[in-house]
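*Asks:* I am attaching a structure below and will ask some questions about it afterwards.
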Amino acid sequence: MSTSPTRGTRPGGGSRERILARVRAALADVPAHEAPEDVAVPRAYTPAHGQGATVELLVDRLVDYRAQVHRAAPGELAERIGLALAHRRAQRVVVPADAPEEWFARTATTIVRDGGDLDVAELDGMDGVVTGCAVAIAETGTIVLDTGAAQGRRALTLIPDYHLCVVRADQIVDGVPQALPRLDPARPLTWISGPSATSDIELNRVEGVHGPRTLEVVIVE
């Protein structure tokens, strides 16, 4: 009675054996006592852009994501925020408890400071939210919040339909490798790339499902 080779194998070894043989050959010159964690990996990432070009790239990416973007000098920030809220006809907006008072010196909108006591219905009833951020990534057009200074809790920026975010120029970096050292992985992180949007199987775009339908950004230079 004859027997056939096991399914999926060939004379001289199967795919697994051939792959392992190639791995062993590639590692032939690595000392056996070196564990993978002992091998130093260079991470000296070189910024691809100057500061001015980095800001321009972030603006380009944000606009591509359908965010509204404004640029202002530090002394113009309060006026820019006031104009943005007036254009939205916002009556009441929620802000983190530690948001700077001077941000809202030029607005007639009622500012509600959140101390963590507002429930979902109250947040949903607001005309928007105004926060700062932890870092902004130019290459991906991503703004990251870590619940730090002037950012508030995550629910604050996920429930209102409109988010106005203040980004300082010194918070903008080229790419993700430059952003990660500024972030604490133990903190709750929110990564925002444009307004909340999703698509169904037929690619019909729906906005505002998982967060604000409108994202407006003021870059302070």
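*Asks:* How do the pairs read when you match residues in the range 103-132 that are at pLDDT below 95 with residues anywhere that are in a loop (DSSP other than H, G, I, E, B) and open to solvent by 70 Å² or more (accessible area, probe 1.4 Å), using Cβ under 9 Å and keeping only pairs 6 or more apart or on different chains?
*Replies:* As it stands, the answer is Gly116/Arg153, since those pairs meet every condition given.
*Asks:* All but one of (1) in a strand (DSSP E or B); (2) open to solvent by 40 Å² or more (accessible area, probe 1.4 Å) hold for Gln178, so report the exception by its number.
*Replies:* (1)
*Asks:* Mind counting the residues in the range 117-133 that are part of a loop (DSSP other than H, G, I, E, B) and open to solvent by 20 Å² or more (accessible area, probe 1.4 Å)? Write out each step before concluding.
*Replies:* From the range 117-133, those part of a loop (DSSP other than H, G, I, E, B) are 117-119, 125-128, 132-133; that's our starting set.
Going one step further and asking which of them are open to solvent by 20 Å² or more (accessible area, probe 1.4 Å), we end up with 117-119, 125, 127.
Selection size over the range 117-133: 5.
*Asks:* Still on this structure: Can you give me the ranges of the helices (runs of 4 or more DSSP H) entirely in the range 1-102 with at least 3 residues that are more than 21 Å from the chain's Cα centre (by Cα), within 13 Å of Val218 (Cβ to Cβ) and at pLDDT 95 or above?
*Replies:* On the way: elements: 15-26, 51-64, 77-88.
It comes to 77-88.
Residues checked against (1) among the hydrophobic types (A, V, I, L, M, F, W, C); (2) open to solvent by less than 20 Å² (accessible area, probe 1.4 Å); (3) closer than 14 Å to Leu164 by Cβ:
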| site | (1), (2), (3) |
| --- | --- |
| Ala78 | yes, yes, yes |
| Gly82 | no, yes, yes |
| His87 | no, no, yes |
| Gln91 | no, no, no |
| Pro96 | no, yes, yes |
| Arg106 | no, no, yes |
| Thr110 | no, no, no |
| Gly115 | no, no, no |
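*Asks:* Still on this structure, I have one more. Only one of Ala149, Ala186 is open to solvent by 60 Å² or more (accessible area, probe 1.4 Å) and under 29 Å from Leu57 (Cβ atoms); which?
*Replies:* On the way: Ala186 fails: under 29 Å from Leu57 (Cβ atoms).
The unique qualifying residue is Ala149.
The values are calculated or read from the model by the stated rules, or taken from the named source; none is laboratory data. Model, not experiment: these values are computed from the prediction. Positions of Cβ are backbone-derived with ideal geometry, glycine not excepted, and every protein chain shown enters the neighbour counts. For the accessible areas, the whole protein counts, side chains as well, though only heavy atoms, and no ligand, DNA or RNA atoms are used. Shrake-Rupley method; radii C 1.70, N 1.55, O 1.52, S 1.80 Å.
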